[in-house]
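The values are calculated or read from the model by the stated rules, or taken from the named source; none is laboratory data. What you see is a predicted model, and the numbers here were worked out from it, not measured in a lab. Because the Cβ atoms are built from the backbone with ideal geometry, glycine has one as well, and the counts that use them run over all protein chains shown. Ligands, DNA and RNA are stripped out before the accessible areas are found, and what is left, the full protein with its side chains, is counted by its heavy atoms. Shrake-Rupley method; radii C 1.70, N 1.55, O 1.52, S 1.80 Å.
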Amino acid sequence: MVVATFSLVARDPETGDLGVAVASKFLAVGAVVPFARAGVGAIATQSYANPRFGPQGLALLEQGASPEGVLEAFRRTDSGLERRQFGLVSAEGEALTFTGAECHPWAGGLSGKGYAAQGNLLAGPQVVEAMVETFLQEERVPFPERLLLALKAGEEAGGDKRGKQSAALLVVGEGKGYGGLWDRYIDLRADDHPEPVEELFRLLSLHRLLFERPKERRPLAPEEVRWLQGVLRSLGLYAGEVHGEFDEATERAFLALIGMENLEERYQGGPEVDEATLSYLKRRYPWS
């Protein structure tokens, strides 16, 4: 089956994060196309996709191969290379896009320092051009949103000429994954959706709420503690008085609520909370 796809593989020059954004008229494209490893590189494999290109290419980059060296290795080991397409970016920002001579038109790609954009079975070259133009222009936008804006631009330029079905966003960064224990920072997929790219924007916003570690927190004011204690009592998590003092019993109950809402990445204990968490909980639990 052809993974007729348009994708952008890129490196964030500010943080060194690496990512892949991809969309296609193909079920669950995120399960096949994107691969990335912090400090190593990122790869998108598509058009009669060879999923082995992901782990093999990353292993070669980790061993010091150049993007051209990775291409030559694929040429030696894959007799079907001319039907395939891939893009890669190394941790240093070296980039390459390859489109085999037997890919279904329109097929092609563009690459430059820190990015590789490619697609096949597209409405035309304007799809890839729009992705690159948007990615280069939106340099002040956070990297994950920048990838999605580029993907959206490709879609608006015609995208996959067969239509829409799925999209995915993969971003890796050293120690940025859940609990700081791995590098998979963002891994979001809209596997079968009428507007998959728009769905990724929604999922990314939710991801930032639930998993982003806030840079600033502030102590809860006494009236906010009273609100919190009232909420915790109404949920059966707290049996104490609603007195406005953040004591040990309040903290235990609050930790339970934080766990229920999957906000554990945002809360570090004690009476200090970031504004986004507080606003979300106030909307969720408008106790008075």
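Pulled fully out, how much extra length does the chain show between SER234 and ARG213, if you take 0.36 nm times their separation in residues and subtract their Cα-Cα distance?
4.8 nm
Counting heavy atoms of the protein chains only and a 1.4 Å probe, report the per residue accessible area for the range 118-196 as a whole number of Å².
Dividing the accessible area of the range 118-196 by its residue count gives 45 Å².
Give me the orientation-averaged projected area of the Cα convex hull of the range 1-150, in nm², one decimal.
Here the figure is 7.8 nm², rounded to one decimal.
Just the ratio, please: alpha-carbon radius of gyration of the range 113-223 over 2.2 N^0.38 Å, N its number of residues.
Output field value: 1.26.
Gain in length, GLU139 to ALA249, computed as 0.36 nm per residue apart minus the alpha-carbon separation, to one decimal in nm?
35.0 nm
In the range 183-220, which trypsin sites (Lys or Arg not before Pro) fall in coil by DSSP and have 11 or fewer other Cβ atoms within 10 Å?
Filter output for the range 183-220: LYS215.
Shape verdict for the range 13-60, please, from the Cα gyration tensor: rounded (a/c under 1.5), prolate (a/b greater than b/c) or oblate.
oblate
What nm distance separates the two modelled labels at GLU68 and ARG52, each placed 7 Å from Cα along Cα→Cβ?
Placing both labels 7 Å beyond Cα along the Cβ direction yields 2.5 nm.
If the cut-off is a Cα-Cα distance under 25 Å, which lysines reach LYS215, setting aside same-chain residues fewer than 8 apart in sequence?
LYS176, LYS282
Work out from phi, with θ = phi - 60° and the Karplus expression 6.51 cos²θ - 1.76 cosθ + 1.60, the ³J(HN,Hα) of each residue of the range 226-242, listed in order in whole Hz, and give x for Gly and Pro.
4, 4, 4, 5, x, 4, 5, 5, 5, 8, x, 9, 9, 10, x, 7, 8
For the Cα atoms of the chain, what angle does the longest principal axis make with the long axis of helix 275-284, in degrees from 0 to 90, nearest 10?
70
On alpha carbon coordinates alone, what is the Rg over Rh value for the range 199-275, Rh being the Kirkwood radius?
Over the Cα atoms of the range 199-275, Rg/Rh equals 1.02.
Quick one: pull the percent of accessible area on the range 30-106 belonging to carbon and sulfur, 1.4 Å probe, ligands and nucleic acids left out.
Within the range 30-106, the accessible surface is 49 percent carbon and sulfur.
Can you list the lysines whose alpha carbon sits under 17 Å from that of LYS25, skipping same-chain ones fewer than 8 residues off?
LYS152, LYS161, LYS164
Contour minus end-to-end for ARG202 and ARG284, with contour as 0.36 nm per residue of separation and end-to-end as the Cα-Cα distance?
Result: 27.7 nm gained on full extension.
Carbon and sulfur: what percent of the range 172-225's accessible surface (1.4 Å probe)?
Taking all protein chains in place, the range 172-225 shows 55 percent carbon and sulfur surface.
What fraction, in whole percent, of alpha-carbon pairs in the chain exceed 24 Å separation?
Tail fraction, whole percent: 54.
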